[in-house]
Amino acid sequence: MRALAVLGRRWFSQAIHRTLSISCPPLYQIPCNFDFLCTYTSNCSPEKKILEPGEEQEAPKSLSLRIEKLARGESVGLAFQSWMREGFPIHRGDIFHAINRLRKLKLNKRALEVMEWVVRERPYRPKELDYSYLLEFTTKLHGICHGEKLFTRIPPEFQNELLYNNLVIACLEKGVIRLSLDYMKKMRELGHPISHLVFNRLIILHSSHGRRKMIPKFLTLMKAYKTAPHVSTYNILMKIEANEHNIEGLVKVFDEMKMSKVEPNEISFCILATAHAVARLYTVAEAYVEDVEKSRTGDNWSTLDVLIILYGYLGKGKELERTWTMVQELSHVRSKSYMLAIEAFGRIGQLSRAEELWLEMKSIKGLKSTEPFNSMLSVYCKYGLIKKATAVFREMEINGCKPNAITFRHLALGCLKAELVEEALKTLEMGMHLKTSNKVKNSTPWLETTLSIIEIFAEKGDIANAEKFFEEIAKAKYTRYTFVYNTLIKAYVKAKVYFPSLLRRMILGGAKPDAETYSLIKLIEQFQT
């Protein structure tokens, strides 16, 4: 343990849709890339250039890559000049592809330079989508005032619903809600339809617990503006409930979706399946997993990642292996997918398979950050294999990766599983001194690891430590689940301590007592003096 201490039209309409969706984050900020199921956090700088395998060879054929590979300070005109010098014309499609790539990489400054060059040099006649991109990146980089001034200078024939919707979304992205609502009123007066993406953004901005009371008002406003209900809106609403660990609220939103005759998609079923799996309602989760499989379109890596997690929860080894094979057939397998697979195989007890993937990931991807080490640590510590976990920890240090709060949380669990209580408490203390984001503290792996620690303290009758960590997960509302509260009650049973208000506290905390709860309460009542 010494190591621990040291530590055409079709494409045009598709492009318009992509443009309108720029200001709605992918669905777990709310939307649905399911970060809440993983404590992995990227260390990539927002301005870092990311090239997929094989792209280096494609550079002569891709205007986008030429722009991305420009050194800081180099003019975007250099990429265009080299492109045209080799006899390639600049098509609108090339620009749209480049802009969407730059947006994905968060290279907003470079994207604005591209659109300024297009409007200035006019390799083709700019249209509404070009001006929409120009408006988007001008507002992002220079603020709303500059965006509004630009809007007034855009030719009147292009000041239409697309431009207005993007201006509203740009205002919302800056958090200026009142101005956004004013523009929405103006759009209504002009007869411009308001995109559902505007309301999606309003809902996301008001998704925190203290602001959620505004969401019903926005849904009412959505109906008043005759904006058709969209599956993405319901997905966001379901994701909010899932993040709050509110299964009843989640199911209610899903029922409302069906009543509105909005067809759920694979994201909808992913949210439903994961939420029920986290709540340990495995039979229901399994039914929704079948729906995910039926509704899955193409080789969507994010859906495959979720299926890997779900089959780990459900203990389905064959299905997990089949899904991992599908991931390996993709053109590019991400490190995160490897980590999720390692944790999933570890969850179902296939340690040798998890170790195989760990070695494979090391040889193919290399180990350049803390997260891959945490992934393997979580597997070993779950089973109390502290010697193997310590070896991974030492390897982490040798590779120059610093342990974070997640590292120490896993190691503390491993120590407790190995009956090294004193070392576990010291390790927990080291982790608590490190800064940890709310995103990590609200993630399911963090909460489940903490619950496992509480379970061990409960078995020892250690009420003080059980309560200490129970209060931590209560902030994430994880204690809404009955099995979480029952774990705390077991600590009082083991300690033979009578505490009369446990049941009332449980109900007020949002959890519903079950048969096990009442049995535990009866046992506690025996200790009443």
Under 18 Å Cα-Cα from residue 477, which aspartates and glutamates qualify once same-chain neighbours fewer than 8 residues away are excluded?
35, 241, 244, 248, 448, 455, 467
Name the residue farthest towards the positive end of the dipole of the chain from the options 380, 449, 190, assuming +1 on Cβ of Lys and Arg, -1 on Cβ of Asp and Glu, about the Cα centre.
190
Leaving out same-chain residues fewer than 8 places away, which aspartates and glutamates sit with a Cα under 19 Å from that of residue 387?
343, 355, 356, 395, 397, 419, 422, 423
Place the peptides 432-439, 156-163, 240-247 in order of packing, highest mean first, counting for every residue the other Cβ atoms within 10 Å and averaging per peptide.
240-247, 156-163, 432-439
Please list 3J(HN,Hα) in residue order for the stretch 282-295, calculated via the Karplus relation 6.51 cos²θ - 1.76 cosθ + 1.60 where θ = phi - 60°; whole Hz, with x for glycine and proline.
5, 5, 5, 4, 4, 5, 6, 5, 4, 5, 4, 4, 5, 8
Would you tally the net charge around residue 475, using a Cβ to Cβ cut-off of less than 15 Å, leaving residue 475 out, and scoring K and R as +1, D and E as -1?
+1
For the chain, size of Cβ-based charge dipole, Lys and Arg +1, Asp and Glu -1, in debye:
1240
Going by average Cβ density within 10 Å per residue, which order do the peptides 206-218, 322-334 take, highest to lowest?
322-334, 206-218
Below 15 Å, Cα to Cα, which aspartates and glutamates can residue 294 reach? Residues fewer than 8 away in the same chain don't count.
263, 266, 286, 319
Percentage of interatomic Cα-Cα distances in the chain larger than 35 Å
45
Rounded percent of accessible protein surface that carbon and sulfur make up, the chain, 1.4 Å probe
53
Arrange the residues 301, 117 by how much accessible surface each exposes, largest first, with a 1.4 angstrom probe.
301, 117
Average accessible area per residue (Å²) across the chain - probe 1.4 Å, nucleic acids and ligands excluded
48
Could you give the dipole magnitude of the stretch 229-295 about its Cα centre, charging the beta-carbon of Lys and Arg +1 and that of Asp and Glu -1, in debye to the nearest 20?
100
Report, in listed order, any pair from 217/239; 316/368; 382/426; 336/368; 223/252 with a Cα-Cα distance greater than 22 Å.
316/368
Just going by the charge dipole of the chain, with Lys and Arg at +1 and Asp and Glu at -1 on Cβ, which of 150, 245, 108 is farthest out on the positive end?
150
Any idea what the relative contact order of the stretch 229-295 is, in percent, if you count C-alpha pairs under 8 Å spaced at least 6 apart?
31
Of the listed pairs 140/439; 104/127; 258/439; 468/522, those with alpha carbons more than 28 Å apart are 258/439
Signed unit charges on C-beta, dipole axis of the chain, positive-most listed residue 511, 214, 98
214
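Could you rank 85, 280 by how accessible they are, 1.4 Å probe, largest area first?
85, 280
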Summed over the other residues with a beta carbon less than 15 angstrom from that of residue 363, with K and R at +1 and D and E at -1, the charge totals -1
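The values are calculated or read from the model by the stated rules, or taken from the named source; none is laboratory data. On a predicted model such as this, the values are computed, not experimentally measured, just so you know. Note that we place each Cβ from the backbone using ideal geometry, even for glycine, and neighbour counts take in every protein chain shown. Note: areas computed on protein heavy atoms with side chains; ligands, DNA, RNA excluded. Shrake-Rupley method; radii C 1.70, N 1.55, O 1.52, S 1.80 Å.
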